[in-house]
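Participant: This is the structure I have questions about; it appears just below.
Just so it is clear, none of the values below were taken in a lab; they were calculated from the coordinates. Predicted model, so just to flag it, every value in this text is computed and none were measured. Every residue, glycine as well, gets a Cβ built from its backbone with ideal geometry; the counts of neighbours run over all protein chains shown.
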Amino acid sequence: MGTNALRTCTGCGLKAYTEQELNNFVKCTNHSHDRKNFCSECEKKRSKKYREKNPEAVLLKRQKYYATKVYNTTLEKYQERMASSNKCQVCGSKDKLCYDHDHKTMEFRGVLCNKCNRSIGILGDTIESIEKVLTYLKGNNYETH
């Protein structure tokens, strides 16, 4: 073991002397040895503290990421669409509202709560699959093809 550490955690003082010990540090290609100066545990604590102190900044960053990388739109357009309804357009819930979109065209469909949005996705995101569920729930003799 060498006397010079490859990495020393700024938070707790943990040292890494080998490549294997570097695995305890957060990956980041902008730093030497492709690792930050924080071990994974200290980085989790640091990140949690930041999120608690800056919820608006964290929300804005998340919205920007989803708008541009997932929904291929601008942050402004994403926020405008989300502001189009203050409740789920299926069940009326105001909890955990989501940006619902067509997965094939990526077109915005509406604002749904997480539960309704996930339910539609689990059912295959098609009218046919929802109709099969309705038929089943209505008590008709449902047969698969």
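Participant: If R0 is 41 Å, what FRET efficiency do you get for Glu52 and Leu123 from their C-beta distance, rounded to 0.05?
Facilitator: 0.70
Participant: Next up: Within the chain, which is the longest segment that contains none of the GluC sites (Glu not before Pro) sitting in a DSSP loop with at most 13 other Cβ atoms within 10 Å?
Facilitator: Here the longest segment lacking exposed loop sites spans 20-106.
Participant: Rounded to a whole number of µm²/s, how large is the Stokes-Einstein D of the stretch 1-83 at 10 °C and 1.306 mPa s, given Rh as the Kirkwood radius over C-alpha pairs?
Facilitator: 105 µm²/s
Participant: Right, next: If each DSSP helix of 4+ residues adds -39,500 (n - 2.57) and the sum is divided by the residues in the chain, what number results at 222 nm, nearest 500 deg cm²/dmol?
Facilitator: -11000 deg cm²/dmol
Participant: Oh, and also: In a Gaussian network model over the chain where Cα atoms closer than 10 Å are linked, find which of Ser32, Ser119, Ser84 has the largest mean-square fluctuation.
Facilitator: Ser32
Participant: A further question follows. Can you tell me the 0 to 90 degree angle between the C-alpha axis of helix 40-53 and the longest principal axis of the chain, rounded to 10?
Facilitator: 60 degrees
Participant: On to the next question. Report Rg (one decimal) and Dmax (nearest whole number) for the stretch 7-51, counting Cα atoms only, units Å.
Facilitator: Values for the stretch 7-51 (Cα only, Rg and Dmax): 10.0, 32 Å.
Participant: Based on the inverse mean of 1/r over its pairs of different Cα atoms, what is the Kirkwood hydrodynamic radius of the stretch 87-145, in Å?
Facilitator: Answer for the stretch 87-145: a Kirkwood hydrodynamic radius of 12.5 Å.
Participant: Which entry in (1) 23.3, 76; (2) 21.8, 77; (3) 16.4, 54 matches Rg and Dmax of the Cα atoms in Å derived from the coordinates of this structure?
Facilitator: Structure-derived value, by its label: (1).
Participant: How long is the gain from Lys45 to Asp102 if the chain were fully straight, where each residue apart is worth 0.36 nm and the alpha carbon distance is subtracted?
Facilitator: Extra length available between Lys45 and Asp102 comes to 16.8 nm.
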